1. Report the label-to-label distance for Ala39 and Glu22 in nanometres (one decimal), using points 7 Å from each Cα along the Cα→Cβ vector.
2. Counting only protein heavy atoms and using a 1.4 Å probe, what share of the accessible area of the stretch 1-101 belongs to carbon plus sulfur, as a whole percent?
3. With θ taken as phi - 60° and the coefficients 6.51, -1.76 and 1.60, list the Karplus ³J(HN,Hα) couplings across the stretch 8-19 in order, rounded to whole Hz; mark glycine and proline as x.
Amino acid sequence: MTRVLIVEDDPQIRRFLRLALESEGCTVQEAGRLDVGLAASRLGPDLVLLDLGLPDGDGLDFVRAFRPRSTAPVVILSARGQEQDKVAALDAGADDYLVNPSAWPSCWPGCAPSCAGGLPPALRKNRCSASAR
């Protein structure tokens, strides 16, 4: 079973992602703060969905702390759409970067997360990946 860690301060976005992932058979752990997310990441998630704007720090700090300990994919889900934000996240070690949270619901239906493949296929169409830089 795929273990997904969601680090997102907006409870509605966390709930949406949790419900979608659980409907696909994933085990989901949630964190609304950077410090809680870092503590939860020590349990070894298979995939991390990460917001950049957290109340107690920047999501990039999570990536920098997590990446030396794990090769699990880290996918940034952020409203920050500037190219410099994407490049900074990918340079820090994120695997993918999705912009515009209002588009996530339309991307989600019918996709099953796969650790081997990283992102669910329907989410891949709007990504900015390290290989695309």
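The values are calculated or read from the model by the stated rules, or taken from the named source; none is laboratory data. Worth saying up front: this structure is predicted, and the values here are computed from it rather than measured. Here the Cβ positions follow ideal geometry from the backbone for every residue, glycine too, while neighbour counts run over all protein chains shown. Accessible surface areas use protein heavy atoms only, side chains included; no ligands, DNA or RNA. Shrake-Rupley method; radii C 1.70, N 1.55, O 1.52, S 1.80 Å.
1. So the label points at Ala39 and Glu22 sit 2.1 nm apart.
2. Values: 2190 of 4570 Å².
Its accessible area is 48 percent carbon and sulfur atoms.
3. 8, 7, 7, x, 5, 5, 4, 4, 4, 5, 4, 4
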